[in-house]
1. Out of segment 142-172, which residues are free of Cβ contacts under 8 Å to residues at least 12 places away in the same chain and open to solvent by less than 70 Å² (accessible area, probe 1.4 Å)?
2. Looking at this structure, is GLU300 surrounded by fewer than 20 Cβ atoms within 10 Å (Cβ to Cβ), in contact (Cβ under 8 Å) with a residue 40 or more places away in the chain and either out of contact with any Phe, Trp or Tyr (no Cβ under 9 Å at 6 or more places or on another chain) or more than 30 Å from THR416 (Cβ to Cβ) (or both)?
3. So SER272 fits all but one of (1) closer than 21 Å to SER60 by Cα; (2) open to solvent by 40 Å² or more (accessible area, probe 1.4 Å); what number is the exception?
4. Looking only at residues that are of a type in the set (A, V, I, L, M) and assigned to a strand (DSSP E or B) in segment 124-139, which one is most open to solvent (accessible area, probe 1.4 Å)?
5. Could you tell me which residue of segment 340-371 is most open to solvent (accessible area, probe 1.4 Å), considering only residues that are in contact with a Ser or Thr (Cβ under 9 Å, 6 or more places away or on another chain) and in a strand (DSSP E or B)?
6. If we scan segment 109-123, do we find a residue that is surrounded by 15 or more Cβ atoms within 10 Å (Cβ to Cβ) and in a strand (DSSP E or B)?
7. Output the residues belonging to segment 391-432 that are open to solvent by 40 Å² or more (accessible area, probe 1.4 Å), in contact with a strand residue (DSSP E or B) (Cβ under 7 Å, 6 or more places away or on another chain) and closer than 17 Å to ALA278 by Cα.
Amino acid sequence: MEDIKVAARSLMEFLDQSPVNFLAVKTVRKHLDENGFKVLDPREQWNLQPGGRYYMVKNSSAVFAFVVSTEGAASGFRIISAHSDSPCLRIKPKAEMLCEGGIVKLNVEVYGGPILYTWFDRPLSIAGRVVLRSDDPLNPRTEILKFDRPLLTIPHLPIHFNRAVNDGNSLSKQKDMLPVVAIVKDATEKDNLLLRTVADALGCQCDDILDFDLSLYDTTPACLVGLDDEFLTSGRLDDLSMVHAAMNALLETSSTAQTRVMAIFDNEETGSGTKQGAASPVLMQLLRRIVACLGGGEEEYLRGIDKSFMISADNAHAFHPNYPEKYDPTNHPKVGGGPVIKINANCKYMTDAESASIFRSICEKAGVPCQYFVNHSDVAGGSTLGNILTSQIDLRGVDMGEAIWAMHSIRETMATADHAYTIKAFKTFFDL
């Protein structure tokens, strides 16, 4: 029971520090630095040592950490992959829009596939990346920004003006989802309102700001729910709970029989098709570079890949007690039932019978339960990191996750026990 509470408290702290992808990577980097990992510059020559701890950052929003094997270049890899991004609302350039009464709202666009109506009437704030002018045009300066206090809200239309709202409410992403941020006395105060606020927070001039990647987030902290604190509710459980579990497993294990890798990609929610996404060659190039630094060539790389295994960690849909008809009749994971193996006959996941058996055996060795998710045959499922990565690297691997409710809501819910189970399974995998 104490392990469950410790894991839950650690996860809640991680979630509160990581409201957007850039902050998630910053938080991961802090933990890696504190545990003796050395940051690598991809533009420089690497000098990796057997048993050494290293990490590389891509686009400030993806991070790849590894502990080098002591068994040679062809020893292979144990990989856990997850993603740093979650569905949200992102701020457009020239975002300020002046309305009647001096009210200023911000122009935003939808990132990924959020449940939009869960964003209404919440205390929201802003976090992300700001790019600043430097002496070198090809290498501008980057600052990671988080406003801790609520700055915005998206007010709902009163039910009196839409009596049918509870019968189904079609939303316009351009009209309905714009947050209000201020009341100004005249139109000139609206100009560059956001940039001036950001500049004040960073201690710079507005002219120093070249561009930004800023998103909205719910300022309500993660918390426990239930008579015995059996549930954890927060934004971004998908997929930061898996990032947190992978990070803890990497930091708390010691095996160097194979190179242990934690690969945290960005942009999974929009198809992974970026330089920091799983559809890019970033992981393949990293693995090849590790082999080369250990004195190996193509032969050693290919032999090592054939010995390797990857856990693609992205959360699963938990059985919802109010909607049993939405789930497969025999393969619907329950909150609190342990890590979930995800299966799809049309290869939306990388899982097959062999890899599912391997992960099930890992869970058995860890002393934790596991369960299965298969889509209802009348419901099309999504894909995730695993099958995207295998289009570039012929890895054996399994797609899995923790069972959660309300996936892509501004607040998702999971069982606290499941996170402790997942960490134990990941640590067992890394220590095999």
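The values are calculated or read from the model by the stated rules, or taken from the named source; none is laboratory data. No experiment lies behind these values; they were computed from the predicted model shown. Here the Cβ is made from the backbone with ideal geometry for all residues, glycine too, and neighbour counts use every protein chain on show. Accessible surface areas use protein heavy atoms only, side chains included; no ligands, DNA or RNA. Shrake-Rupley method; radii C 1.70, N 1.55, O 1.52, S 1.80 Å.
1. PRO158, ASN162, ALA164, VAL165, GLY168, SER172
2. Taking the combined requirement at face value, the residue satisfies it.
3. Among (1) closer than 21 Å to SER60 by Cα; (2) open to solvent by 40 Å² or more (accessible area, probe 1.4 Å), the lone unmet condition for SER272 is (2).
4. Step one: of segment 124-139, the residues of a type in the set (A, V, I, L, M) are 124, 126-127, 130-132, 138.
Among the residues that remain, those that are also assigned to a strand (DSSP E or B) are: 124, 126-127, 130-132.
Working: LEU124: 0, ILE126: 4, ALA127: 1, VAL130: 0, VAL131: 29, LEU132: 3 Å².
Step by step, filter segment 124-139, then rank; the result is VAL131.
5. Among residues in segment 340-371 that are in contact with a Ser or Thr (Cβ under 9 Å, 6 or more places away or on another chain) and in a strand (DSSP E or B), the one most open to solvent (accessible area, probe 1.4 Å) is ILE343.
6. Let us first name the residues in segment 109-123 that are surrounded by 15 or more Cβ atoms within 10 Å (Cβ to Cβ), namely 110-112, 114, 116-120, 122.
The next check asks that each one be in a strand (DSSP E or B); those that pass are 110-111.
For segment 109-123, residues surrounded by 15 or more Cβ atoms within 10 Å (Cβ to Cβ) and in a strand (DSSP E or B): present.
7. Hit for segment 391-432 is ARG396, nothing else.
Each row is one residue, and each column tells you yes or no for (1) farther than 30 Å from ASP16 by Cα; (2) open to solvent by 10 Å² or more (accessible area, probe 1.4 Å).
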| site | (1), (2) |
| --- | --- |
| ASP239 | no, no |
| SER255 | yes, yes |
| ARG260 | no, no |
| ASP266 | no, no |
| SER280 | no, yes |
| ARG288 | yes, yes |
